[in-house]
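Okay, so here's the structure we're looking at.
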Amino acid sequence: MLDMILLGYLADGPRSGYDLKLLLETDGAHFWHAHHSQIYTTLRRLERRGLVRARAQTGRGLQERRVYRILAAGRDGLELWRSGPLPLGGGPKEALLARVYFAGSRP
C-alpha cells in the first residue's frame, strides 16, 4: 500500500524522500503512517521495479539529496490501483481513505 501512496504523491511532481515523509505526516496522517526507513526502502524498491527514477540534486546546503519522479509504468500501476476493486476493512492504516485521497477527478 505504501507503494501506491508514494506513487500517488509523485504523480503530482518530483519529490525527495524527506518531502514524501512530510506529506505523509500532514496530508496523509489520517490514512497512513510510515517511518523514514520504510519510505526510503519502498522508494528503492519502486526504482528497481522501474516505476520511479531518482536523480541527485544539490540543495541549499552541501548535502546532496535524491529526488524521485514517477515513470510511465508507475503511472500505469497507480491507475490500476485507483480503478481496481475497493479494499474492505480498516484499521490504523486506512486503505480505503488512501484510495479516495488519490482518486483525483475520478467519479
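The values are calculated or read from the model by the stated rules, or taken from the named source; none is laboratory data. Just so it is clear, the structure is predicted and the values come from calculations on it, not from any experiment. In this analysis, Cβ positions are derived from the backbone assuming ideal geometry, glycine residues included, and neighbour counts consider all displayed protein chains. Side chains are part of the model used for accessible areas, which takes the heavy atoms of the whole protein and leaves out ligands, DNA and RNA. Shrake-Rupley method; radii C 1.70, N 1.55, O 1.52, S 1.80 Å.
Output yes when any residue across the range 3-12 is open to solvent by 50 Å² or more (accessible area, probe 1.4 Å) and in a helix (DSSP H, G or I), and no when none is. Within the range 3-12, not a single residue is open to solvent by 50 Å² or more (accessible area, probe 1.4 Å) and in a helix (DSSP H, G or I). Flag: residue 69 matches the condition of being within 22 Å of residue 99 (Cα to Cα), open to solvent by 60 Å² or more (accessible area, probe 1.4 Å) and in contact (Cβ under 8 Å) with a residue 24 or more places away in the chain.
For first residues located in the range 1-18 and free of Cβ contacts under 8 Å to residues at least 60 places away in the same chain, partners that are open to solvent by 20 Å² or more (accessible area, probe 1.4 Å) and of a type in the set (S, T, N, Q) and lie 6+ apart or on another chain with Cβ distances below 8 Å form the pairs 2/38; 16/57.
For the range 21-59, name all the residues that are hydrophobic (A, V, I, L, M, F, W, C) and either in contact (Cβ under 8 Å) with a residue 40 or more places away in the chain or assigned to a loop (DSSP other than H, G, I, E, B) (or both). The answer is 29, 31, 32, 34, 46, 51, 52.
For the range 63-107, a residue qualifies if it is among the hydroxyl-bearing types (Ser, Thr, Tyr) and at pLDDT 70 or above, and the qualifying residues are 68, 83, 101.
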